[in-house]
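Just so it is clear, none of the values below were taken in a lab; they were calculated from the coordinates. The shown structure was predicted, so the numbers you read here are calculated from the model rather than taken from an experiment. Counting neighbours? That spans all protein chains shown, and the Cβs are built from the backbone with ideal geometry, glycine included.
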């Protein structure tokens, strides 16, 4: 009975997960100074996030500012458009 409840709970949890198909912009180059000890899987997720954000903000990926923060051990990627005129 417990295994059955666990299975049902897991099934419900995965129903809310959505899969998106993203073609990562191959031109994105991350600054090695900011990614020096960063695992590759986080770098890949940063590139995915930058690709999606560039589409959302209708801009080039280089116009975005990003950072990775850790909340309870989970990486959170924050992206915003750089609105300064440089």
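Values as computed for the structure displayed
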| read-out | value |
| --- | --- |
| 0 to 90° range, to nearest 10: angle between helix 2-15 axis and the chain longest Cα axis | 30 |
| For the stretch 22-81: relative contact order, % (alpha-carbon pairs under 8 angstrom, 6 or more apart) | 29 |
| 72, 25, 40 arranged by Cβ crowding within 10 Å, fewest neighbours leading | 72, 40, 25 |
| √(5λ) per eigenvalue of the Cα gyration tensor, the chain, largest first, Å | 33, 16, 12 |
| Fluctuation leader among 47, 33, 56 - the chain, Gaussian network, Cα springs under 10 angstrom | 33 |
| Ranked 67, 81, criterion: other C-beta atoms within 10 Å, fewest first | 67, 81 |
| Helical contribution to [θ] at 222 nm, DSSP H n ≥ 4, -39,500 (n - 2.57), averaged over the chain, rounded to 500 | -12500 deg cm²/dmol |
